[in-house]
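Participant: This is the structure I have questions about; it appears just below.
Please treat every number below as a calculation from the coordinates, not as lab data. Being a predicted model, the structure only gives us computed values, none of them experimental. As a convention, Cβ positions derive from the backbone with ideal geometry for all residues, glycine included, and neighbour counts pool all protein chains shown.
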Amino acid sequence: MIGKGVRTVADNILLIDGNSITFRAFYATYTSLDRFTNSDGVHTNAIMGVNNMLDNLLASQNFDKILVAFDAGSKTFRTAKYGDYKAGRQKTPDELLEQLPLVKEMLEGHGIVHYELANYEADDIIGTLAKQADAAGDHVLVVTGDRDLTQLATDRVTVAVTKKGVTELEEYTPAYVQAKLGVTPRQIIDLKGLMGDTSDNYPGVTKVGEKTAIKLIKQFGSVEDLYAHLDDLKASKMKEHLVADHDQAVMSKDLATIRQDAPLTIGLDDIDFKGPDYEQLRAFYQRMDMRQALKRMGGQGTAPAAQVEYTELTADNLAAAMQLHAPVAFELEMLTENYHTAKVEGFVVADAEHTFVSTDTSLLQDMEFALWLGDPARQLTVFDAKRNLVAGRHLGLDLHPDFDALLASYLLNPDENSNDLGQLAREHNYDALPADEDVYGKGAKLHLPDRDVFCNHLAQKGAALLALRPRLTTELANQDETKLFTDLELPLARVLGDMEYNGISLDTAILAEMGKQLSGSLAVLEQQIYADAGHEFNLNSPKQLGVVLFEDLGLPVVKKTKTGYSTSVAVLEQLQTAHPIIQKILTYRKISKIQSTYVVGLQDAVQPDGKIHTRYLQTLTQTGRLSSVDPNMQNIPARGDGKQVRHAFVPSEPGWELFSADYSQIELRVLAHISGDAHMQEAFKEDRDIHANTAMKIFGLKSADEVTPDMRRQAKAVNFGIVYGISDFGLARNIGITRAQAKAFIAGYFEQYPQVREYMDQMVATAREQGYVETLLHRRRYLHDIHSRNFNLRSFAERTAMNTPIQGSAADIIKVAMVRMPAAVAAAHLQARMLLQVHDELIFEAPATEMDQLRDVVAGVMDAAIKLDVPLKVETNHGRTWFDAK
DNA sequence: GTTCTCACG
DNA sequence: ACGTACGTGAGAACG
């Protein structure tokens, strides 16, 4: 063993100027300061900047010792000598001050020593240690945002100064200083003596700037030698200034000199880099809401100590598995996200005592075991109920999970919806499960790992699920969301799973024929457009199209995007009269969209059974709506030429039809209900045309007869605007009026519907007070930016506070209807199947003979879903295809 | 992987 | 003074 202080190998040492780096990090993202806050409103931009810089440094080389030095306070031996030192500096912003102790805490998490010393600046600490290290033959990297520290550079000490931001560094070695300034590092002090420093507020010699100082020091070597040989200079204004300011020059040099003999209470032996305490660091990142950092850390340091003992499940010990006690964790593992097509690679079934894992899915075909697993009375905990239900159904299982960690987490906070159990568990302070990505890889590297690695991972998932269940259950109760979870979302997962599993039939012959027609039209348009442009180009490229329109053809630029000219519909419509090419491009765009996304895209999505099986994402949107992927069945064209594609959606059985039912004006009805506005409620109770009603109100008309179509159109836009969280700017832009006019409309609206204004104000106030808003069924959305000092972010949060209870409550309502629908359909002895949901609309297929009854059943369930103070209105249609059912 | 454009409620 | 309507997903281009 090597004795203390006796070292045979040079150490690699990193010394960081903590204050200066934190300041740089803070100001690097100062303009979007409020984008970086945690849920307590604490700013984190500087912490994140320092953290990123550290990560980069630590990745670039191995350090044996690291110290981050901080200033102890504004009073130092320098201020004692010269009262004005660093005087006149602006007060450090509170948003930065609050981060300094947190930066230190983060350093501790990284296992890095930090230090400060009364009366000395961080520079002096670094200077002193750098000198000691240099003498010991170690290699030192000094990192700072302050150029003054370059005076410390030697053959063994490199000074890296941040360039822009904090991650790009400029490294100063003696040779680099020489090349850049023509002096040695030590002579930088002499330069500062002559030049002074405006930011540190000391003077130097009058009229001497960098150029003159460099010339003088190159000639004389130092301030002292300069004054010793002042006689060599011929008489000049400069010489007079040098003589007059001699004392200032000497003092300034003294101030600029970084001490290398500060009375430190620590030494090189005290700054060993121990490496991070992952647990502490992870907790810190979580508290700061530093998601990227958490993600980068991944499962590092998550103790494989948390190895879960497991038994391989075989046909011989199925009986033992069936002895497991409630609650039981269950998970079907797939490597890809589309569970309609993915292979189930294995499964885990576990309770608090025992864990069984298997890669043999045929075991699930065991009748007794399948019945045991699917017993509705069994408390079964899963992660993503719908995924397990659908995949299970493919294997012949009929599961009845009573807890879903993903759904629960989503309801607690819609931001916490990671599809990775390990990551989601970490959000809830369970750290023992690595992310799937770390075990299976991703992209091209995705693979099934070695059998024991895979089984162990599955076993860990079982343990994580069991650990999460009680905490999430408690939190749901705390947030008054238990019913929302148990009675709505969990049953909905089954309903949605059935809809997806059923799928909707697509007549691909119809699409193929459409495709042929469209290809022809596109080819013709393409040639015409090339002729107008004078040359061929890629007309699907907004970039190339921009060049053609605004450079080749010289059309006026209406709007720019971040990267170039905007060529969106709004822009092209304004240019329509300017050139015949525009109309052709608009038509091309329309047809091309229909062709690529719908005609081709939908055919590609058809499964071997001739059906489309979309996946509804139940835990994605911030409002509680569903979304739909692979393919998106919620944005099939409903107007214009594109609507023709709806002809391709047909019933899956002969003699059947498609049936659709949609809520009329559900969002405005919800608004009338939750605002309690008497005027708006009256309009709905009397089933009046709400847009015409609003037109009468804001235009001050006596009767509905006076409402012109244009007034109604504008009033409709106002109604929409209200739902979105109105702004005069947005309304003005939407209907092409001035901002002043829009403002007048809004004022008129609020005068006529006074309780709507109260509701808007109340929601913003609620968001400010409690940090979140809620829907009718207590679905929550947190709005961090509501306190932001950034106007944009704050305004956005305010509009969201107004919109989310409306959009989210409408989502609650249709979800209630969906959950009740299967029982109602069965009770009426109908064969009808619910196939799709499009936010305020449900689509079914059923025998043509059932249509009349189906209308009563479906409209009845939808009407009665949630009792509001205004009636809900449901409109229905049916026909041979989706096109005809609208 | 990001940006632009456009489809839906 | 700031500069946007709310909520989504997919295809194509491009770095």
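Participant: Listed here are the pairs A:LYS81/A:LYS207; A:LYS442/A:LYS559; A:LYS104/A:LYS442; A:LYS543/A:LYS590; which of them are more than 28 Å apart at the Cα?
Facilitator: Numbers: A:LYS81/A:LYS207 24 Å; A:LYS442/A:LYS559 39 Å; A:LYS104/A:LYS442 35 Å; A:LYS543/A:LYS590 18 Å.
Distance filter (> 28 Å) returns A:LYS442/A:LYS559; A:LYS104/A:LYS442.
Participant: Identify, among A:GLY700, A:ALA672, A:PHE684, the residue whose Cα sits farthest towards the positive end of the charge dipole of segment A:652-727, taking +1 on the Cβ of Lys and Arg and -1 on the Cβ of Asp and Glu, with the dipole about the Cα centre.
Facilitator: Farthest towards the positive end: A:GLY700.
Participant: Right, next: P(r) for segment A:204-283: what percent of alpha-carbon pairs falls in each 10 Å bin, starting at zero?
Facilitator: Taking every Cα pair in segment A:204-283, the percentages come to 14, 36, 13, 13, 13, 9, 3.
Participant: Next question, about the same structure. Quick one: order A:ASP450, A:ASP351 by neighbouring beta-carbon count within 10 Å, fewest to most.
Facilitator: Numbers: A:ASP450 9, A:ASP351 19.
Lowest to highest Cβ neighbour count: A:ASP450, A:ASP351.
Participant: Over the Cα atoms of segment A:497-636, what Rg and Dmax result, in angstrom?
Facilitator: When restricted to the Cα atoms of segment A:497-636, Rg and Dmax are 19.0, 56 Å.
Participant: Defining a contact as two alpha carbons under 8 Å apart and six or more residues distant in sequence, what relative contact order in percent does chain A show? Don't skip to the end; give the middle numbers.
Facilitator: Values: 1447 pairs, mean separation 82.5, N = 886.
RCO, chain A: 9 percent.
Participant: Label segment A:454-503 by shape, choosing from rounded, prolate and oblate, from the square roots a ≥ b ≥ c of the eigenvalues of the Cα gyration tensor; if a/c is under 1.5 it is rounded, and otherwise prolate applies when a/b is larger than b/c, oblate when it is not.
Facilitator: Numbers: a/c = 5.21, a/b = 1.10, b/c = 4.74.
It is oblate, given that a/c is not under 1.5 and a/b is not larger than b/c.
Participant: Next up: Which of the helices in chain A, when you take each full DSSP H run, stretch at least 18 Å along the axis at their Cα atoms and have an average Kyte-Doolittle score of -1.0 or higher? Let's see the in-between values first.
Facilitator: Working: long enough: A:45-60 (23 Å, 0.55); A:122-136 (21 Å, 0.19); A:451-478 (41 Å, -0.01); A:490-502 (19 Å, 0.08); A:508-533 (36 Å, 0.38); A:580-593 (21 Å, -0.16); A:709-724 (23 Å, -0.34); A:739-752 (20 Å, -0.24); A:754-770 (24 Å, -1.05); A:791-827 (54 Å, 0.43).
Those that pass (Cα extent of 18 Å or more, hydropathy at least -1.0) are A:45-60, A:122-136, A:451-478, A:490-502, A:508-533, A:580-593, A:709-724, A:739-752, A:791-827.
Participant: Sticking with this structure for a sec: In whole Å and largest first, what semi-axes does the C-alpha gyration tensor of segment A:311-503 yield when each eigenvalue is scaled by 5 and square-rooted?
Facilitator: Values: eigenvalues 106, 78, 61 Å².
Working through the eigenvalues yields semi-axes of 23, 20, 18 Å.
Participant: For A:GLY346, enumerate residues with amide H under 5 Å from its amide H, sequence gap 5+ or separate chain, H modeled in the peptide plane.
Facilitator: Amide H to amide H, under 5 Å and 5 or more residues apart or across chains, A:GLY346 pairs with A:GLU333.
Participant: Here's something else I'd like to know. Determine, from the Cβ-Cβ distance of A:GLU875 and A:ALA823 and an R0 of 25 Å, the FRET efficiency 1/(1 + (r/R0)^6), rounded to the nearest 0.05. Intermediate results must be reported in sequence, preceding the final value.
Facilitator: Details: r = 23 Å, r/R0 = 0.92.
Calculated value: 0.60.
Participant: Working from the alpha-carbon coordinates of segment A:447-561, get Rg over Rh, Rh being the Kirkwood radius.
Facilitator: Working: Rg = 28.1 Å, Rh = 21.5 Å.
Dividing the radius of gyration by the Kirkwood radius yields 1.31.
Participant: Can you compute the radius of gyration and Dmax for segment A:778-886, using only the Cα atoms, both in Å?
Facilitator: 18.4, 61
Participant: If you count, for each residue, the other Cβ atoms within 10 Å and average over each peptide, how do A:22-28, A:699-705, A:582-588, A:737-743 line up from highest to lowest?
Facilitator: Details: A:22-28: 22.9, A:699-705: 10.7, A:582-588: 18.6, A:737-743: 15.1.
Most protected by this proxy first, the peptides run A:22-28, A:582-588, A:737-743, A:699-705.
Participant: Write down the percent of antiparallel bridges among all DSSP beta bridges whose residues are both part of segment A:311-503, to the nearest 5. Show your work: numbers first, answer last.
Facilitator: On the way: 10 of 16 bridges.
Looking only at bridges with both residues in segment A:311-503, the antiparallel portion is about 60 percent.
Participant: Along the principal axes of its C-alpha atoms, what lengths does chain A span, in descending order and rounded to whole Å?
Facilitator: Extents along the principal axes, in whole Å: 114, 79, 59.
Participant: Using the C-alpha gyration tensor of segment A:12-181, what are the square roots of 5 times its eigenvalues, in whole angstrom, with the largest one first?
Facilitator: On the way: eigenvalues 128, 80, 50 Å².
They are 25, 20, 16 Å, listed largest first.
Participant: Let me check I've understood the local charge: for A:LYS445, count other residues with C-beta under 12 angstrom from its C-beta, Lys and Arg +1, Asp and Glu -1. What total comes out?
Facilitator: Working: positive: A:LYS442; negative: A:GLU437, A:ASP438.
With Lys, Arg at +1 and Asp, Glu at -1, the net is -1.
Participant: Under 8 Å for C-alpha pairs, at least 6 residues apart: give me the relative contact order for segment A:13-71, rounded to a whole percent.
Facilitator: Details: 54 pairs, mean separation 33.3, N = 59.
Here the relative contact order equals 56 percent.
Participant: Which part of segment A:129-143 falls in the paramagnetic zone of A:GLN61, meaning amide N under 17 Å from the point 7 Å along Cα-to-beta-carbon?
Facilitator: It comes to A:130-143, nothing else.
Participant: State the extension gain, in nm to one decimal, for the chain segment bounded by A:THR486 and A:LYS211, taking 0.36 nm per residue of separation less the distance between their alpha-carbons. Present the calculation step by step, with values, prior to reporting the outcome.
Facilitator: Details: separation 275, 0.36 × 275 = 99.00 nm, distance 7.57 nm.
Here the answer is 91.4 nm.
Participant: Suppose each label sits 7 Å from its Cα in the direction of the beta carbon; what would the A:ALA765-A:ARG789 distance come out to in nanometres?
Facilitator: The answer from the label model is 2.7 nm.
Participant: Once you keep just the Cα pairs under 8 angstrom separated by 6 or more residues, what percentage relative contact order results for segment A:729-863? Spell out each step's value before the answer.
Facilitator: Values: 122 pairs, mean separation 19.5, N = 135.
Relative contact order, segment A:729-863: 14 percent.
Participant: State the extension gain, in nm to one decimal, for the chain segment bounded by A:PHE77 and A:ALA244, taking 0.36 nm per residue of separation less the distance between their alpha-carbons. List each step's numbers first, then the result.
Facilitator: Values: separation 167, 0.36 × 167 = 60.12 nm, distance 2.57 nm.
Extending this stretch completely gives an extra 57.6 nm.
Participant: What 222 nm value per residue comes from the helices of chain A, counting each DSSP H run with n ≥ 4 as -39,500 (n - 2.57) and dividing by all residues, nearest 500 deg cm²/dmol? Kindly include the intermediate steps, with their values, before the conclusion.
Facilitator: Details: 36 runs with 406 residues, N = 886.
Result for chain A, helices only: -14000 deg cm²/dmol.
Participant: I would also like to ask the following. Could I have the simple spin-label model distance between A:GLU536 and A:GLN607, label points 7 Å from Cα toward Cβ, reported in nm to one decimal?
Facilitator: 4.1 nm
Participant: Same structure, new question: Just subtract the alpha-carbon distance of A:ASN317 and A:GLU751 from 0.36 nm times their residue separation and send over the number in nm, one decimal.
Facilitator: On the way: separation 434, 0.36 × 434 = 156.24 nm, distance 7.30 nm.
Contour length minus Cα-Cα distance gives 148.9 nm.
Participant: Let me ask something else about it. Where both partners of a DSSP beta bridge lie in segment A:59-187, what percent of those bridges are antiparallel, to the nearest 5? The partial results should precede the final answer.
Facilitator: Details: 4 of 14 bridges.
Antiparallel: roughly 30 percent of the beta bridges in segment A:59-187.
Participant: Still on this structure, I have one more. In whole angstrom, how long is each semi-axis of the equivalent ellipsoid of segment A:155-254, when you take the square root of 5 times every eigenvalue of its Cα gyration tensor and sort them from largest down? Working shown, then result.
Facilitator: Working: eigenvalues 150, 47, 23 Å².
The answer is 27, 15, 11 Å, longest axis first.
Participant: Take every DSSP beta bridge with both residues inside chain A and express the antiparallel ones as a percent of the total, to the nearest 5. Show your work: numbers first, answer last.
Facilitator: Numbers: 45 of 71 bridges.
Roughly 65 percent of the DSSP beta bridges within chain A come out antiparallel.
Participant: Sort A:ARG779, A:ARG757, A:ARG282, A:ARG287 so the one with the fewest other Cβ atoms within 10 Å of its own Cβ comes first.
Facilitator: Final ranking by Cβ density, sparse to dense: A:ARG287, A:ARG757, A:ARG282, A:ARG779.
Participant: Taking every alpha carbon pair in segment A:594-727, what does the distance histogram look like in 10 angstrom bins from 0, in percent?
Facilitator: 10, 27, 27, 23, 13, 1, 0
Participant: Still on this structure, I have one more. Determine, from the Cβ-Cβ distance of A:GLU105 and A:ASP420 and an R0 of 41 Å, the FRET efficiency 1/(1 + (r/R0)^6), rounded to the nearest 0.05.
Facilitator: On the way: r = 27 Å, r/R0 = 0.66.
Here the calculated transfer efficiency is 0.90.
Participant: Here's a follow-up. A:VAL870: net charge of surrounding residues, Cβ under 13 Å, Lys/Arg +1, Asp/Glu -1, itself excluded? Each step should come with its number before you reach the end.
Facilitator: Numbers: positive: A:ARG669, A:LYS685, A:ARG688, A:LYS867, A:LYS873; negative: A:GLU667, A:ASP677, A:GLU682, A:GLU686, A:ASP687, A:ASP863, A:ASP869.
Neighbour charge sum, excluding A:VAL870 itself: -2.
Participant: Within 12 Å, Cβ to Cβ, of A:ALA249, how many net charges do the neighbouring residues add up to if Lys/Arg are +1 and Asp/Glu are -1?
Facilitator: Details: positive: A:LYS192, A:LYS253; negative: A:ASP190, A:GLU224, A:ASP245, A:ASP247, A:ASP254.
Overall, the nearby charge balance is -3.
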